[in-house]
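Here the structure is laid out as structure tokens; the discussion comes afterwards.
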Amino acid sequence: MNETLLEIKGVEFSYEKDTKFFEKISFSVSEGDVLAIIGRNGSGKSTLVKIISRIINNYSGSVSYAGKDIKNYEHKEFSRNISYLPQVFPAYVNELKVYDLLLLGRYAYIKSSQLSYSNEDVIVVNEAMEVCGVTQYKEKTLKTLSGGERQKILLTLSLVQLDIAHDLKGKILIVDEPLTHLDINYQYETLSLLRDLNIKKGLTVIFVIHDLNLALKYSSKTLLMNKGKMVDFGDTQKIISQENINKNFLVSSELVNHNNNTFIHYNDI
């Protein structure tokens, strides 16, 4: 059994005083897991991954990485081990060239005495571009790229930050709705890439996703949320059940097995 890498204990959070958005969420992620976080809109999925990523800090309870509270990590050390991939780029990077942006992903590795990027930084950026298939965009500015292309650059940036040229065991990539702006081909390509990085380099992946069939296909564990509560957590094949789907997503569905693959068929309401 793999070691516990991330542990969430009794996490509660409120956007408004005296109104709890979360109620004591507790679960753990083991090294090598691919965790899908599912639930209806407004269930708290994105808020949860922002807490784990240290974007939101005013919560109660604890979040620990490698046995240490995430609030106690120095910024660069945390960034070398956990990367959060948002749904969209901040507007201020639109004028940057892709290659220049990707080099910024090496911030956590730069020593105070360095005056420029090292050969190692260049090697990591080049490998990340090759793995993600974005080398052809390196001299383009972000504002000239399509939504899908920009999403691929975001993923590349996270892999630069996590140091893809080396072993990724013990490192976590957190992806908030990775399929935003992507057509069907890119959706499968992106999730297949994440799975390959998990298998070949030991990367632990946490992603928020709406498509339950893709969660079934690509995740090993699933966390189901509803109205700020953790409804269920465990192996994906157990959590994405007909009962859980129908009760928590308010649909009529059935699970179908075809050629040893399980998928969800939604019935007319």
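I'd like to verify a number: residues in segment 169-195 that are in contact with a Leu (Cβ under 9 Å, 6 or more places away or on another chain) and either among the aromatic types (Phe, Trp, Tyr) or part of a helix (DSSP H, G or I) (or both), how many? Steps first, answer last, please.
Step one: filter segment 169-195 for residues in contact with a Leu (Cβ under 9 Å, 6 or more places away or on another chain), giving 169-176, 178-179, 186-191, 193-194.
Among the residues that remain, those that are also either among the aromatic types (Phe, Trp, Tyr) or part of a helix (DSSP H, G or I) (or both) are: 186-191, 193-194.
Counting residues in segment 169-195 that are in contact with a Leu (Cβ under 9 Å, 6 or more places away or on another chain) and either among the aromatic types (Phe, Trp, Tyr) or part of a helix (DSSP H, G or I) (or both) gives 8.
Condition (residue is within 18 Å of ASP232 (Cβ to Cβ), among the charged types (D, E, K, R) and either at pLDDT 95 or above or in contact with a Leu (Cβ under 6 Å, 6 or more places away or on another chain) (or both)) applied to segment 54-68: is it met by at least one residue?
Step one: of segment 54-68, the residues within 18 Å of ASP232 (Cβ to Cβ) are none.
No, that holds for no residue.
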Can you report the number of residues in segment 6-34 which are within 23 Å of LEU250 (Cα to Cα) and either free of Cβ contacts under 8 Å to residues at least 40 places away in the same chain or in a strand (DSSP E or B) (or both)?
1
Residue by residue through segment 73-131, note down the ones that are within 21 Å of LYS201 (Cβ to Cβ) and among the small types (Gly, Ala, Ser).
SER79, SER83, GLY105, ALA108, ALA128
If we take segment 60-132, then helices (runs of 4 or more DSSP H) inside it with 3 or more residues that are within 30 Å of THR4 (Cα to Cα) and of a type outside the set (Asp, Glu) are 75-81, 119-132
Inspect segment 156-168 for any residue being assigned to a loop (DSSP other than H, G, I, E, B), at pLDDT below 95 and either in contact with an Asp or Glu (Cβ under 8 Å, 6 or more places away or on another chain) or β-branched (Val, Ile, Thr) (or both) and give the result as yes or no.
yes
What are the residues in segment 118-139 that are over 24 Å from the mean Cα position of the chain (by Cα) and crowded, with 16+ Cβ neighbours inside 10 Å, if any?
none
Considering segment 197-252 alone, what residues qualify as being in contact with a Phe, Trp or Tyr (Cβ under 9 Å, 6 or more places away or on another chain), part of a loop (DSSP other than H, G, I, E, B), β-branched (Val, Ile, Thr) and crowded, with 16+ Cβ neighbours inside 10 Å?
ILE209
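For the structure I just gave you, tell me whether GLU177 is surrounded by 18 or more Cβ atoms within 10 Å (Cβ to Cβ), at pLDDT below 90 and over 30 Å from LEU6 (Cβ atoms). Walk me through it before giving the result.
Values: surrounded by 18 or more Cβ atoms within 10 Å (Cβ to Cβ): yes; at pLDDT below 90: yes; over 30 Å from LEU6 (Cβ atoms): no.
No; evaluated as a whole, the condition is false for this residue.
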Within segment 57-79, which residues are in contact with a Lys or Arg (Cβ under 9 Å, 6 or more places away or on another chain) and surrounded by 17 or more Cβ atoms within 10 Å (Cβ to Cβ)?
VAL63, SER64, ILE70, TYR73, PHE78
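The values are calculated or read from the model by the stated rules, or taken from the named source; none is laboratory data. All values derive from a computational prediction rather than experimental measurement. Because the Cβ atoms are built from the backbone with ideal geometry, glycine has one as well, and the counts that use them run over all protein chains shown.
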